[in-house]
Amino acid sequence: MSDVISLDDFRPHLSGPAICSGCHHEWQAAAPVGAWELECPKCGRMMGLWKYEFQPETFYECGCGSRLFYVVPDGCRCRECGAYAD
Ligand SMILES: [Zn+2]
Ligand SMILES: [Zn+2]
């Protein structure tokens, strides 16, 4: 059970389903409030994201299927493929 962690180390914290945008591994994550990049327990990269907590009701979906975007000075770029949102 190497993925068991002490929640006391993370108060105040959020916990819930997370998904890695790198390898698409899904797991139950716990992290401090404000943490938006989670370490993926499978691939070890800081590419994990909360799966549900902050998902709005209306959102854009990239042609590659991703719903995750970075807001950059010249627009919004898909986190997965780098394409700009229309
Ligand atoms: Zn991963
Ligand atoms: Zn994309």
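The values are calculated or read from the model by the stated rules, or taken from the named source; none is laboratory data. Computed from a predicted model, the values in this text were never measured in an experiment. All Cβ positions, even for glycine, are placed from backbone atoms using ideal geometry, and neighbour counts span all protein chains on display.
Of all the residues that make up segment 1-38, how many are modelled with pLDDT under 70 and either surrounded by 12 or more Cβ atoms within 10 Å (Cβ to Cβ) or not small (Gly, Ala, Ser) (or both)? So that I can check it myself, show each step before the final result.
Pass one, segment 1-38, residues modelled with pLDDT under 70: 1-2, 5-11.
Keeping just the survivors that are either surrounded by 12 or more Cβ atoms within 10 Å (Cβ to Cβ) or not small (Gly, Ala, Ser) (or both) gives 1, 5, 7-11.
Final tally of qualifying residues: 7.
Residues are listed down the side, and each one gets a yes or a no for (1) part of a loop (DSSP other than H, G, I, E, B); (2) under 12 Å from the mean Cα position of the chain (by Cα):
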| residue | (1), (2) |
| --- | --- |
| Ala31 | no, yes |
| Trp36 | yes, yes |
| Pro41 | yes, no |
| Gly44 | yes, no |
| Tyr52 | yes, yes |
| Tyr60 | yes, no |
| Cys64 | yes, no |
| Arg67 | yes, yes |
| Cys76 | no, no |
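Every residue in segment 11-22 that is more than 16 Å from ligand 2 (Cβ to nearest atom) and not in a strand (DSSP E or B), please.
Of everything in segment 11-22, those that are more than 16 Å from ligand 2 (Cβ to nearest atom) and not in a strand (DSSP E or B) turn out to be Arg11, Pro12.
Consider segment 39-63. How many of its residues are surrounded by 11 or more Cβ atoms within 10 Å (Cβ to Cβ) and more than 25 Å from His13 (Cα to Cα)?
3
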